[in-house]
Amino acid sequence: MPLIDHIRIRAKAGKGGNGVVRWLHEYAREFGGPSGGDGGNGGNVVFRAVRDLNVLASYRGRSEFKAKNGEDGGNKTMAGKNAEDLVLLVPVGAVVTREEDGTIFEFLEEGETRTVLAGGRGGVGNARFKSSVNQYPTEATKGAEGQGSALTIELKLIADVGLIGLPNAGKSSLLNSLTAAHAKIGAYPFTTLEPNLGAYFGYVIADIPGLIEGAASGKGLGHAFLRHIARTKILIHCIAADAATPLQDYKTVRAEIDAYSDALSRKPEIVFLTKADLASEEDLAAIEKDFVKEKKRAIRVSILDDRLLKAAGDELVRFLKEA
Ligand SMILES: Nc1nc2c(ncn2[C@@H]2O[C@H](COP(=O)(O)OP(=O)(O)OP(=O)(O)O)[C@@H](O)[C@H]2O)c(=O)[nH]1
Ligand SMILES: [Mg+2]
């Protein structure tokens, strides 16, 4: 299922309840005072960010969203109830534009909640108009209209995880296996020409073209795409277990990352030893030992081995939570 990443809806906040004109009727008192209550406020339209890329699908087939109106005021200066807010969910990374005035609301953190359309204030009942010179006010005000506007909701994905590695290291295969992405796979370098995205338990993983020696100075393709992973939380560094010189491959890519930018260079990194099914136990153990010498733990993974894949996915989530 393709991700919906751009939608347009109309939404309206609730109208405020009206203030009312009422009079006290008390036993043995012919003319009671003014007692009309205020109206309640209309509900706001608020947006809340959640870690679920699929919530945008819930907007499908609906284009009008309306918050409830505030209640009118009552007798005995009773105020009408404020209406509840209408809460609309958007994925983290969503940008909501209020078209009426062009205001932009960005949702960068899980749980971030912002009022995009304000409910109308409730009107004022006649009780409030009472003063020393006006004991019997007959005026009350109506509730204000809620704000309404067309809204566009765009998903600007901020990837949590960036996949790096030499061409043909198995980055796209890993993305496809962990997520529902359909990145192109090829048994040759530079299969990936554009970044691919996928979601893994709510975390967005970005796959970019492979990096080669000299990438930071513009060689190959990967360099142009490094900016796509500049804002990720962590990197997965993929090293093919069947490569001739796995540790050297690691160092080659590291050198490019370090040369590209300090920020990228400092990102927490987890090393995945991909295509583990293609290497013997001895080879795997030897590679792991080489990495340990570099104070790195290499985690075995293979797209053909569900157990390894699951374990690597668990490591990834744990690592993300720490980062
Ligand atoms: N046996 C085995 N083959 C794999 C595994 N993962 C990937 N491959 C193969 O390795 C080759 C390269 O895979 P890709 O996922 O396209 O590699 P990539 O790193 O995205 O390559 P670029 O996009 O060119 O940088 C393909 O032929 C895959 O089928 C694995 O776990 N086991
Ligand atoms: Mg690829």
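Annotations for the structure displayed:
- Screening L174, L178 for residues that are buried (at least 18 other Cβ atoms within 10 Å of the Cβ), more than 8 Å from ligand 1 (Cβ to nearest atom) and of a type outside the set (D, E, K, R) leaves exactly one candidate, L178.
- Tally, over the stretch 173-222, of residues that are more than 27 Å from Q248 (Cβ to Cβ) and of a type in the set (A, V, I, L, M): 5
- Residue within the stretch 260-279 that is on the phi > 0 side of the Ramachandran plot, in contact (Cβ under 8 Å) with a residue 12 or more places away in the chain and under 32 Å from the mean Cα position of the chain (by Cα) present: yes
- Scan the stretch 152-171 for residues that are part of a strand (DSSP E or B) and more than 7 Å from ligand 1 (Cβ to nearest atom) and the total you get is 8.
- Any pair with Cβ under 8 angstrom, 6 or more apart, that starts in the stretch 298-312 at a residue that is in the same structural domain as I287 (by TED's automatic domain parsing) and modelled with pLDDT of 95 or more and ends at one that is assigned to a loop (DSSP other than H, G, I, E, B) and hydroxyl-bearing (S, T, Y): L308/S302; L309/S302
- Selection count, the stretch 151-180, where residues are within 11 Å of ligand 2 (Cβ to nearest atom), aliphatic (A, V, I, L, M) and under 14 Å from I303 (Cβ atoms): 4
- For the condition among the β-branched types (V, I, T), at pLDDT below 90 and within 11 Å of ligand 2 (Cβ to nearest atom), I185 does not qualify.
- Restricted to helices (runs of 4 or more DSSP H) entirely inside the stretch 211-323, those with at least 3 residues that are of a type outside the set (G, A, S) and in contact with a Leu (Cβ under 8 Å, 6 or more places away or on another chain) are 246-260, 281-293.
The values are calculated or read from the model by the stated rules, or taken from the named source; none is laboratory data. Since the model is a prediction, treat every value here as computed from it, not as a measurement. Note that we place each Cβ from the backbone using ideal geometry, even for glycine, and neighbour counts take in every protein chain shown.
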